[in-house]
Structures are given as structure tokens and as C-alpha cells.
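Please read the structure below before turning to the comments.
The values are calculated or read from the model by the stated rules, or taken from the named source; none is laboratory data. Computed from a predicted structure; not experimentally measured. FYI the Cβ positions are ideal-geometry reconstructions off the backbone, even for glycines, and counts take in every protein chain you see. To get the accessible areas, we keep the full protein, side chains included, count just its heavy atoms, and leave off ligands, DNA and RNA. Shrake-Rupley method; radii C 1.70, N 1.55, O 1.52, S 1.80 Å.
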Amino acid sequence: MSTWPDLQTSVSKALMEPNMDPPDGVKRLKNGAVPVKRFNVYRNNVALSLINVLRQTFPVVAELVGKDFFDTMARHFSRTHLPESPMMFQYGDKFPGFIKDYEPAQTLPYLKDVAHVEWARNVALYAKDQTSVAIDQLAQFQQDQMPDVKFDLQASLQLINSDWPVITIWQAHQGQGEQINLSKLPDHGQSAVILRPHLEVNVHQVDPITAYFIAQLQQGQSFGQAVEASVSQQTTFDISANLAGLFSIGAVTAAHL
Amino acid sequence: MSQKASCSTKPNISGPDQAYKSHLPKSASFGLKLEHCQDILTTNPDLDWFEVHPENYMGEGGPSHHYLTKIREKYQLSLHGVGLSIGGAQMPSSQHLLRLKQLLERYQPASFSEHLAWSSHEMGYFNDLLPLPLTQETCNTVCEHIDHVQSTLGWQMLLENPSTYVAFEGPQMDEIDFLNEIATRTGCGLLLDVNNVYVSCTNHERNPENYIKNFPHTHVGEIHLGGHAPDEDDLGNPLLIDAHDRQVIDEVWALYEQAIAIGGPKPTLVEWDNDVPDWPVLLKEAKLAQDIIKQQRAAA
């Protein structure tokens, strides 16, 4: 008779191996047979509950590929990626990366980026609550101080840069019942800022240079450094429009020297 | 049903072999879902308390905390954990205990409960309530875990009887003796899930009425009700699955009446976690339980 730690290890392994018999120590049926169907209730609970968590966190990915494809993909993922904690809202951070390498999804190269958008929204949903400030905060600084000003950005703020029109695809699946007309999809990549200034998560499609500019600020660069880097990327970079836009979406929680 | 959210007193660890004194109102309610919060806050249903899974409220911010804070201003709360893995061989995670402690301090609930089950292993978290053998070895392990949980949290907890689909080889303790020994040794209370009684007794060919009759009701701080899904095992015998996806069946209502006839009215919760209907359906189920509590009070 194995001790509980050993038996628990055997049960854990059998839960993740669909074709393995329930381990010794699990009570046999009256006819001496192994209780496969009974043990499968637990296997199903584990698999289906994790598939459901992923479906709730990645609803557009699920819509794009259909139920059967999604369930199979999510089942493969959950078998090799058990959650690390009981906080199910944290489950799925590695799902976009898994989709990228998942062979049957290779015909949908944008799928991993749609998953990135959905994961970013999920992270924003549970991020720390912070109050945004308005652009008039900048009135406290002299003109010559502006290049040295640093902005604290919303903890929920995340940037998306995709080679695909991923925001158009994501927006087409927001319950409006619209079908994407594939022939009318933009033929270029898209960037987005995802953040939660209040209770709702917002997805703002932006120019790639704007995403680049915000990335500089997020990495702790001063306003002047971020502008300089952005202008060197794109000489037409519109400083005042980008600054106003940053505040209008509620991205800034503090401005300081 | 007029007692609203007063500041609850933390249930202190009462010491071994004491009757559990619940701080939850002895009335019926249903499990709170985030999608129902806005409606509940505007319609103010005549309930005293709600129950939530703390694991859903362990993020730093966002709507979950926003709405639970508003609910807590009007109602008492019960935190019903699913992730401590008290029945596992390993000590419950210290990080998870810390998160629980923070939630208990933040929301000042009237009750904290967990399951006689395990869900975590070195491999990861299984997101299910898994079964353990009922032996003196596991009984000692669970007692150590509950002692640790209660002393870390500074909080007396309730332990819930499980729904199980398999049993284990070798001599097993009776489930009631097992739970009674844990409650007696650790001073924890018990959460009597009447649906789990019906599910497990059916699955293991035991008599549910006898189970209710023999249960140590003085330790019971809360009762759960819920729906289950019927299936069959490998030999074609009934196998009930604790799905929480439908209404409570008559047989389970009868067991509930039996339980409160013996133990008196208890805080009672209807659980509905999958295929969740609009909340008035949940309210209706809770009202059925409330009617039974009223009848029992009138008869007593």
C-alpha cells in the first residue's frame, strides 16, 4: 500500500495521461476492473474546466477557429501547461506563444496576435487601479523643462504591434454580428494601445510610431528622449498630437521631473 | 432578513471539540457571480449575504474588486475557497495563504471555508477538487494543514464534505468519522454540502439519510445545496456528477429538510457555477431554502 504522497503523484500523472489506467490504489470495481469511466470524470473536469477558462479569456480566438478546433488546441495546451496557481485569471499567458507554434494553426498566421490582444486585455482587466491625469498637469513645468519630464503610465497599459490587421479582426468579433470581409481587410500590420483607465478595458488602434513613442516612455525614457527616438524613426512624427493623444486616452497617471 | 452588512467579528478558533458558532446570518442565499453584481446593486434583493470564490478576487484591481467592495457595503460575505489543496500531501501554498489573508482583512467576511480535497501537485494546479484516501495518515495530514491554515490566517475555517467518483483500496475510515475527527482535533467547523452527500452516497452505494442522521451537526456552520448531472459508471451503475449546472432535485431538498430538522436553521447557499441562469432564477432557489428554514423555525 503506497503512502499518500506517492499515491497522489501517481494520480496526478494519470490525470494528465488520457490512455493510462487509473493507478493502483484507486479502488477497483466489483468485477475487479479498473474504474476508467469514474476516473475519467476527474480527467474531464480538469480538461474541460481549463478549456473553459481559455475560452473565456480568448473568446475571439475561439470564434475565429470554431469550437472543435479551439477545444482541441486548448486541450493540447492544458495538457502541457497546467496552471501555476489557483488564480484562473492568470491562466493563459503562454497560450499566444503556444498558438504560434501549433502546427494546425499555421494557416492562420494572425491567430497568435489576436491571442496577444486578448491576453493584453485580460492583464489590463486585473491590473492595479490607477487614476489618470489630464494634460493640464503639464502647466506646472517651464517650457525648457519639458524634455526632461517623465510620465508614469497606467499599470494596465500594454502595446500591441502586429504584422497583421489584428485590431480590425478583433473588432469584427465584438458581438456586432459582423462578418469580416477578408478581401477588405487592410493589407498592413496594426498597432494598438490597450489600457484600463476606469472599469472598462479600452483598445485604441494607433500608428506604429505612436506605439513606439509610448514604448519609449514606458521604458522610463524622458519625454525629450522619447520624442528624439520617435523622430529618428519617422521624421513626420507629430509631437503635439501624440502628447495630446497620450493624455486623452488616460494613459498618464503622473508627470514629474 | 433585515440584518445588513454590520462589521463582522472574526470567528476565533474555538479550540478542540467546541460547537461551531457561525457569524453568517442563518438565512439562504446564492453564489455571487460578477456578471450579476450590477443588477444586484441596483435592485437590492432581500438577502443577508453572498458567497464568492476568493481566487477570483486575487487580482490587484479591476471590476471584480470594484463590485465586491460595493456588495460588501450592503451584504455580509462568505469566502469559499477552492485552491488551498488541504487534502494534498504537501502543505498548502504559503503565497496562496498570504493572498487569502489579505482578502480576509480587506473584505472582513463572516465566514471562510474550503474543501476536503486536493487540487495542486508539483505538476501544477488541476482546477478540480480531487479525492483523497480516508486513512489515519491522511486524517493527520489534513489536521496539520488545517492547524497551519487557521494559525496563519488567524481565522476559524469550515471544511466541506466532498463529492467523489472513485474510492481508494485498503481499509478506509468512514467519511463522517474522518470529518468529525478533523473538526474535533483542529476546532474547525464543517460545511455540510447536502448535494455532495447525495452524489457521494449514490456513487458509493451508501444511504444519504443515514449520512445526514449521523453527521456531527454541532460542528456545521453552513449548508450548501446544488444541482448535479446523472451519468453511469463502467458497470452501468449510477454515477452522479457534482456539476452545479442546474436546479436542486427533490431528493436533495428532502435531505436538506432532514438536516435542518436535526441541526436547526443554518446559513444556506445555493451553488450554480456552470450554465449560470439569470440571477432571479438563483434567487428563487434561495427562496425555496428560505421557506424551509421558516417552516423549521415555526415548527420548533
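In region B:235-265, of all residues being open to solvent by 60 Å² or more (accessible area, probe 1.4 Å) and within 14 Å of chain A (Cβ to nearest Cβ), the one that is farthest from B:S163 (Cα to Cα) corresponds to B:L235. For region B:160-202, the set of residues classified as within 25 Å of A:R28 (Cβ to Cβ), open to solvent by less than 30 Å² (accessible area, probe 1.4 Å) and in contact (Cβ under 8 Å) with a residue 40 or more places away in the chain consists of B:N161, B:P162, B:S163, B:T164, B:Y165, B:E175, B:I176, B:F178, B:N196, B:V197, B:V199, listed by residue number. Please tell me if B:D273 is without any contact (Cβ under 8 Å) to a residue 60 or more places away in the chain and either over 16 Å from the mean Cα position of the chain (by Cα) or within 26 Å of B:I40 (Cα to Cα) (or both). For B:D273, the condition - without any contact (Cβ under 8 Å) to a residue 60 or more places away in the chain and either over 16 Å from the mean Cα position of the chain (by Cα) or within 26 Å of B:I40 (Cα to Cα) (or both) - is not met.
Conditions (1) outside any loop (DSSP other than H, G, I, E, B); (2) open to solvent by less than 80 Å² (accessible area, probe 1.4 Å); (3) outside the structural domain of A:S78 (by TED's automatic domain parsing), marked per residue:
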{"residue": "A:P5", "(1), (2), (3)": "yes, yes, no"}
{"residue": "A:S10", "(1), (2), (3)": "yes, yes, no"}
{"residue": "A:A14", "(1), (2), (3)": "yes, yes, no"}
{"residue": "A:P18", "(1), (2), (3)": "no, yes, no"}
{"residue": "A:P22", "(1), (2), (3)": "no, yes, no"}
{"residue": "A:K37", "(1), (2), (3)": "yes, no, no"}
{"residue": "A:Y42", "(1), (2), (3)": "yes, yes, no"}
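Under the condition of being open to solvent by less than 80 Å² (accessible area, probe 1.4 Å) and part of a helix (DSSP H, G or I), the residues counted in region A:226-253 number 13. Checked against the criterion of being part of a helix (DSSP H, G or I) and of a type in the set (G, A, S), region B:240-254 has at least one qualifying residue. When region B:49-84 is filtered for residues that are more than 8 Å from chain A (Cβ to nearest Cβ), open to solvent by 10 Å² or more (accessible area, probe 1.4 Å) and assigned to a loop (DSSP other than H, G, I, E, B), only B:H53 remains.
Considering (1) more than 7 Å from chain B (Cβ to nearest Cβ); (2) in a loop (DSSP other than H, G, I, E, B); (3) within 25 Å of B:A243 (Cβ to Cβ), the lone condition that A:G32 does not fulfil carries the number (3).
Filtering region A:158-169 for residues that are crowded, with 17+ Cβ neighbours inside 10 Å, in contact with a strand residue (DSSP E or B) (Cβ under 8 Å, 6 or more places away or on another chain) and touching a residue at least 60 places away in the same chain (Cβ under 8 Å) leaves an empty set.
Among the residues of region A:97-127, what is the count of those that are open to solvent by less than 70 Å² (accessible area, probe 1.4 Å) and either under 27 Å from B:P54 (Cα atoms) or of a type in the set (F, W, Y) (or both)? Going through region A:97-127 one residue at a time, the tally reaches 14. Pairs meeting the criteria (first residue in region A:53-64 and in the same structural domain as A:S85 (by TED's automatic domain parsing), second residue in a helix (DSSP H, G or I) and polar (S, T, N, Q), beta carbons under 6 Å, at least 6 apart or on different chains) are A:T57/A:N122.
No other residue among B:Q102, B:Q95 is facing chain A (nearest Cβ under 9 Å), free of Cβ contacts under 8 Å to residues at least 24 places away in the same chain and open to solvent by 20 Å² or more (accessible area, probe 1.4 Å) apart from B:Q95. Number of residues in region A:127-162 that are assigned to a loop (DSSP other than H, G, I, E, B) and among the basic types (K, R) equals 1. Of the residues making up region A:198-214, those that are closer than 21 Å to A:D148 by Cβ and either assigned to a loop (DSSP other than H, G, I, E, B) or open to solvent by less than 20 Å² (accessible area, probe 1.4 Å) (or both) are A:F213, A:I214.
Restricted to region B:132-215, the set of helices (runs of 4 or more DSSP H) holding at least 2 residues that are under 26 Å from B:L255 (Cβ atoms) and away from chain A (no Cβ under 14 Å) comprises B:175-186, B:194-203, B:208-214.
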